[in-house]
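Below: the structure, in structure tokens.
The values are calculated or read from the model by the stated rules, or taken from the named source; none is laboratory data. Remember, it's a predicted structure, so these values are computed and weren't measured experimentally. Glycine also receives a Cβ, built like all others from the backbone with ideal geometry; neighbour counts cover every protein chain displayed. In case anyone asks, the SASA skips ligands and DNA or RNA and just uses the protein heavy atoms, side chains included. Shrake-Rupley method; radii C 1.70, N 1.55, O 1.52, S 1.80 Å.
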Amino acid sequence: ALRRLREGSAERLSPYVIGAKRYIEQNYMKGIKVTDIARALNLDRSYFSTVFRRETGMSPQQYLAEYRLERAAHRLVAEGDSVASAAYLSGYGDIVNFSRRFKAHFGTAPSKYREMILLHEENGHVRQK
């Protein structure tokens, strides 16, 4: 859902949603909250949440959480970060909370996710030779 939203036509989204997505992309690692996003856009939190959900089909909190998890997954695999580092650099101050949310989203623990992706990529390269 997140990938479709990010790749979707920006023409159909209001300036508020475009601004919110940009703000999230630039600040997700800082531990921001929905209130911070609404404040940055000079909007009431409730109004902002309503507009965001109406236009995207998900709450700003859901989008922010998924964005953080996707960035953490990228850091684990592409950057080779430790689980703690990926969590911290994705805006999570609590590694236990991060690990629980990561497992709920991806279906496996962060360290197992990295192993699974790297093994899959290795096997893919082996077959291509």
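Give me the extension gain from residue 50 to residue 27: residue separation times 0.36 nm, minus the current Cα-Cα distance, reported in nm with one decimal.
6.2 nm
With a cut-off of 8 Å between alpha carbons and a minimum separation of six or more residues, what is the relative contact order of the chain in percent?
This gives 21 percent for the chain.
Kindly report, to the nearest 10 Å², the accessible surface of residue 74 as traced by a 1.4 Å probe over protein heavy atoms only.
Its accessible surface works out to 70 Å², give or take rounding.
Under 20 Å from the Cα of residue 30, which aspartates and glutamates turn up, not counting those fewer than eight places away in the same chain?
66, 70, 79, 81, 94
Return one number: the angle in degrees, 0 to 90 and rounded to the nearest 10, between the long axis of the Cα atoms of helix 60-77 and the longest principal axis of the Cα atoms of the chain.
The two axes meet at around 20 degrees.
Quote the accessible area belonging to residue 66 in square angstrom, nearest 10, computed with a 1.4 Å probe and with ligands, DNA and RNA left uncounted.
Probe radius 1.4 Å; accessible area of residue 66 about 50 Å².
Report D for the range 52-129 in µm² per second (integer): Stokes-Einstein, Kirkwood Rh on Cα pairs, 20 °C, 1.002 mPa s.
In µm²/s, the coefficient is 160.
Looking at the chain as a GNM with Cα springs under 10 Å, which of 117, 24, 32 has the largest mean-square fluctuation?
Residue with maximal mean-square fluctuation among 117, 24, 32: 117.
Quick one: angle between helix 110-128 and the longest Cα principal axis of the chain, in degrees between 0 and 90, rounded to 10, please.
Taking Cα atoms only, the helix is inclined about 60 degrees.
Solvent-accessible area per residue for the chain at a 1.4 Å probe radius, Å²?
Dividing the accessible area of the chain by its residue count gives 62 Å².
Using a simple spin-label model with points 7 Å from Cα along the Cα→Cβ vector, what separation in nm is obtained for residue 42 and residue 62?
3.0 nm
If 58, 116 are ordered by their accessible area, calculated over protein heavy atoms with a 1.4 Å probe, which sequence runs from highest to lowest?
Accessible-area ranking of 58, 116, largest first: 116, 58.
Given a 1.4 Å probe and every protein chain left where it sits, what share in percent of the accessible area of the chain is carbon and sulfur?
On the chain, the fraction of accessible area on carbon and sulfur atoms equals 49 percent.
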